[in-house]
Amino acid sequence: MAKRKPKFYVVWKGAKPGVYNTWPEANAQVAGFPSAKFKSFPTRSAAEHAFKVGPSQASDSVGQKRKKASTGGSSSGIIKPSLSVDAACSGNPGKMEYQGVSTATKERIFHQAFPLGTNNIGEFLALIHGIAFCKAEGLHDMPIYTDSKIAMGWLKKKKCKTTLPRNAKTETLYQLIDRGEVWLKENTFRNPILKWETKTWGEIPADFGRK
């Protein structure tokens with residue numbers, strides 16, 4: 001079997017524009033990013049030149065397919081070897097829980113529950129838990145799906161922007177939030193964080209089925 005030639009990826013418009021050596025690194029910058037602009041090149045020098053001159057001069061067919069960016073181009077539109085996370089809340093605030101499951105089999109990987117919280121907090125903590133789990137297991141390129149844009153934004157800022165009061169009822173939850181924020185600041189990861197396209201694919205596999 002012929003050895004697959006390496007590719008280099010240019011991201012002109014994305015979370016962090018630049019030249020990337022692997023698709024997971026580039027995909028992390030463009031997945032879910034509005035009107036992302038990116039393209040692959042056979043050599044790093046070609047990619048660096050294309051990044052310098054810009055998409056209009058580099059090619060007439062710049063990749064701008066958001067769906068392909070968020071799925072890695074799989075035929076079904078979903079990357080099956082991945083982790084899906086979600087949260088549920090009985091009232092908001094109310095009793096909250098989150099979980100992470102195998103996207104392919106829906107097998108539960110982790111689960112946490114709290115007497116009082118919000119859905120956004122649960123989504124945020126689920127992402128951190130998922131990333132930490134993948135890092136501990138050596139799954140550094142495993143994509144992680146979430147259906148929460150808010151949680152993705154908080155993750156990017158490494159800060160939980162909740163307005164939930166901190167008191168005796170929420171102290172345990174806040175201690176976990178504190179640990180999660182510290183973990184994000186002290187650790188790096190390369191897992192692609194992908195937006196689950198609910199309108200196209202239905203409910204995320206980690207959904208609790210309470211809607």
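Of all DSSP-defined beta bridges confined to the range 74-203, some 75% are antiparallel rather than parallel. Would you mind telling me the share, in percent, of accessible area of the chain contributed by carbon and sulfur at probe 1.4 angstrom? Carbon with sulfur: 52 percent of the solvent-accessible area. Our analysis of the range 137-176 gives Rg over Rh at 1.09, with the two radii drawn from alpha carbon positions and Rh computed by the Kirkwood formula.
Against the chain, whose longest principal axis comes from its Cα atoms, helix 119-136 is set at around 60 degrees.
Shape class of the chain from the Cα gyration tensor (axes a ≥ b ≥ c, square roots of the eigenvalues): prolate, since a/c reaches 1.5 or more and a/b is larger than b/c.
Out of every Cα-Cα pair that the range 68-168 contains, those further apart than 19 angstrom amount to 45 percent.
Annotation for K149 and V182: the two label points, set 7 Å from Cα along the Cα-Cβ direction, are 3.3 nm apart. Once you place label points 7 Å from the Cα toward the Cβ at A104 and A136, how far apart are they in nm? Between A104 and A136, the label points sit 2.2 nm apart. Mind telling me which of S148, S45, S82 comes out most flexible in a GNM of the chain, alpha-carbon contacts under 10 Å? Answer for the Gaussian network model of the chain: S45. Classify the range 156-211: rounded, prolate or oblate, from the alpha-carbon gyration tensor (a ≥ b ≥ c, eigenvalue square roots; a/c under 1.5 rounded; otherwise prolate if a/b is larger than b/c)? Since a/c reaches 1.5 but b/c is at least a/b, the shape of the range 156-211 is classed as oblate.
Computed over neighbours whose Cβ is under 14 Å from that of L173, the net charge equals -1, Lys and Arg +1, Asp and Glu -1.
When the chain is treated as a GNM with alpha-carbon contacts under 10 Å, the residue of G91, G122, G18 showing the greatest mean-square fluctuation is G91. In plain terms, the chain from N167 to K95 could stretch by 24.4 nm, reckoned as 0.36 nm per residue minus the Cα-Cα distance.
Each 10 Å bin, from zero up to the one with the longest distance, holds this percent of the alpha carbon pairs of the range 115-187: 19, 52, 25, 4. Counting Lys +1, Arg +1, Asp -1, Glu -1, what net charge surrounds Q99 among other residues with beta carbon under 9 Å of its beta carbon? Taking every other residue near Q99 into account, the sum is -1. Using a probe of 1.4 angstrom and keeping all protein chains present, the accessible surface of the chain works out to 55 square angstrom per residue.
All other residues whose Cβ lies under 11 angstrom from that of I204 are scored, Lys and Arg at +1 and Asp and Glu at -1, for a net of -4. Mean residue ellipticity, 222 nm, helices only, the chain: the sum of -39500 (n - 2.57) across DSSP H runs of n ≥ 4, divided by residue count and rounded to 500, is -10000 deg cm²/dmol. Here the chain is assigned +1 on the Cβ of each Lys and Arg and -1 on the Cβ of each Asp and Glu. Its dipole about the Cα centre then comes out at about 700 debye.
The values are calculated or read from the model by the stated rules, or taken from the named source; none is laboratory data. This is a predicted model, so every value here is computed, not measured. As a convention, Cβ positions derive from the backbone with ideal geometry for all residues, glycine included, and neighbour counts pool all protein chains shown. The accessibility values were calculated without ligands, DNA or RNA, using every heavy atom of the protein model including side chains. Shrake-Rupley method; radii C 1.70, N 1.55, O 1.52, S 1.80 Å.
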